[in-house]
Each structure stands twice: as structure tokens, then as C-alpha cells.
Amino acid sequence: MNRSITRKLIIRTLAIICLLVAAYFIIPVSVPILLAGVTAFLLEPIVMFFKRKWKMSRKIAVAFIYIVSVIFISIICYFTITQLMSQIISISKQAPYYISKLSEMWGHMQENISKYTEDFPTEVSSSLQKTATDFIKKIEESFLNFFNYTKVTTFFSQIPSLFISLLVYMIALFLFMLDLPKLKQITYKYLKPSTEKKLKIITNRLKDAFFGFMKAQVLVSFIIAGVTFVGLLLIQPKFALTMTFIIWIIDVIPFLGSIIILAPWGTYHLLMGNTSIAIKLFVLAAILLIIRRTVEPKVMGAHIGLSPLPTLIAMFVGLQLFGIIGLLVGPFVIILLFALKETGVIKINFKI
């Protein structure tokens, strides 16, 4: 009897090890297919909504949502690849010209530093100029490194493989969306009724959290856009509408967001001697960062079913452990743990 149990344990352990090894090699090359499956799962409530609301068949509902998704992704790819990348190539070729302009800015900055520190002791004035010189050199090095022509062309050489991955993703997405009910039935067929019930609770909880997360992000982004527009009307009215739209789009980047635009813009005005405008832009950047860091946990917590404190802790810990991705994944991990506890998969019941 003991030998039989030991044999089963060894077989199960070896099977788990084989699955983990296979996953280690298969998952990295299957990212487009896995993302397509996750996307289809998240779009399923929208498909069901169309079926109920307009009495559509599943094929028609899937086709409609798929076409809208393809159009949306195509627009993003067009503006990202053909417009943004062409500008980056242009800038990379003209980098020496911009460096010379930066040197001119440095000349203006030296004059301003000399003017503002003429009453300071010689040691203090020299130290400030040395600090400013080192700062400008770092900016030059970062600029040349980022817009290095070789790096940009290397990135473009990878576009064909990215295009193939995108094509596989889109085809797999359509097939997953069509066959998702069948895939669910196949999965549930191998589960006990109690396990099936628990799995449904967990997946529904995660779906609700995802759509709550998207609602929270949209709400926070509109708050950011409103504050940005009002601030820029007071600082640079001429560019208020255009820059607000750009910052609104860029702000979806976790943790950085609007700072990517406002910090270089403020630095430019600082180097040109427009100290007042530069300070105002830096203050606006700080206000937007504070709004996002304080409002986001509260709004997100309200929409995904967590209180602000666990949401903030999950976002911060996720950021520290896994970087920007952890900032987004952290709250979902907490929700998953709560769902597992709710279904009895994880049992925590102790007293100290």
C-alpha cells in the first residue's frame, strides 16, 4: 500500500516537473496566443451583451466586436509606427543640430547663472556652474543615446516579426472568441461540480475587477485632462488644447504619465531663461502626479471592489517587485487571493 502511494506521488511530482519545464519553454513563444485567449475572455461579457441586447447570433456579435477591435488596433499601429517612428528617425538624423541648439541654450543658461549668482561667493558660483555643466552633459548623452540612429534602425528591423506576432494574435483572437463557450464546456467537463462553481466565481470576480479597472482609469484620465487644460490655460494658452490632448494620451503610462511631457517642457524653458514658465510647468507636473497617486487608489478601489488602502499597498508592492507591470497586476493579485479565500480554496482561520 505504501509502495503504491509512493509510486503515485513520484509520478505526480514528475508530471508536475515536466509541465513546468514545458511551460518554461512554450509560454515565451506563445505570448500572442495567450494574450489572444485572455483578450477573448475579457471581451466575452461584451459579446453576451450584444447577443442579449440586439438578439444577435454569436457569430454576428463576435464579427462586429472583432471588426471594431481590428479598426482600433489598426489606427493605433498606424499612428504609432508610421507617424511617431518616422519622427523619431528624423530626430535621430538631426541629433547633431539639436545638440548645437542645446549648446546655445547652455550659453544662455550660463549668462543667467552668472547674473543670478553675481553677489554669491566665488566658490558657490563656481559650484553652481559646475553642477549645471554636468547636468547639460548628461542631457546631451541621454539624448544621443536615446535617438541613436543605429538603435532606431535596429528597432525597425524587428517590425516584421512584430507584425507576424500581431497577425497571429488577431487570428487567434477571432478563433478564441468564436469557440470560447466550447472551450469552457471542455474545461468544465474535467472539473468536479464544486470545482466548477469555484472557478466560475473566481473568473467572474476577475472580470468585474478588470472592467472596474478600465472604468477607474478612464475616470482618472478625464480628471487629469481637466486639471491639465485649466493649468495650461493659465501657463501657455496657445498650446493648451493640443498639449492637453497629448498629455491625456501619454498619461496612461503607469507611474510616469504626464511627467514625460511636462518635465522636458519645463526644462526647456528653464534653459532658455523662462524661469517663471518653467516653475509653473514643474508645479503642474507635481500637481498631476499627486492627483494620480492619491485619487487613483481611491477611484480604482471603489470600482474593483477593494478599499483604497489595500489598493495602494498592492500597487506600491507590485511596483517595487515587478516594476510598471506590477503597478497594474498588484490589485488583481489581491482580488484573486480574496476570491480564492471566498471560494474556500485558501483557508485562513487562525488566532494568535
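So here's what we get for this one:
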quantity	calculated
Length-normalised contact order for the stretch 192-304 - Cα pairs under 8 Å, 6+ apart - percent	34 percent
Distance histogram for the stretch 1-61 (every C-alpha pair counted, 10 angstrom bins, percent rounded to whole numbers)	19, 22, 19, 19, 15, 6, 0
Virtual spin-label span in nm between Lys192 and Glu104, 7 Å along Cα→Cβ	7.7 nm
Dipole of the stretch 192-304 [Lys/Arg +1, Asp/Glu -1 at C-beta], most positive-end residue of Val299, Val220, Leu199	Leu199
Near-label residues of the stretch 35-66 by backbone N, under 17 Å of a point 7 Å along Cα→Cβ of Lys182	37, 40-41, 58-63
Computed magnitude of the charge dipole of the stretch 192-304 (debye, nearest 20; Cβ of K, R +1, Cβ of D, E -1)	560 debye
Cα-Cα over 31 Å, subset of Lys238/Lys298; Lys51/Lys189; Lys55/Lys298; Lys55/Lys207; Lys51/Lys198	Lys238/Lys298; Lys55/Lys298
Volume of the Cα convex hull of the stretch 153-247, divided per residue and given in Å³	169 Å³
Å³ per residue enclosed by the Cα convex hull of the stretch 192-304	89 Å³
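Every read-out reported here was derived from the displayed coordinates using simple, explicitly stated rules and does not represent laboratory data. Keep in mind the model is a prediction, meaning the values are calculated, not measured. Positions of Cβ are backbone-derived with ideal geometry, glycine not excepted, and every protein chain shown enters the neighbour counts.
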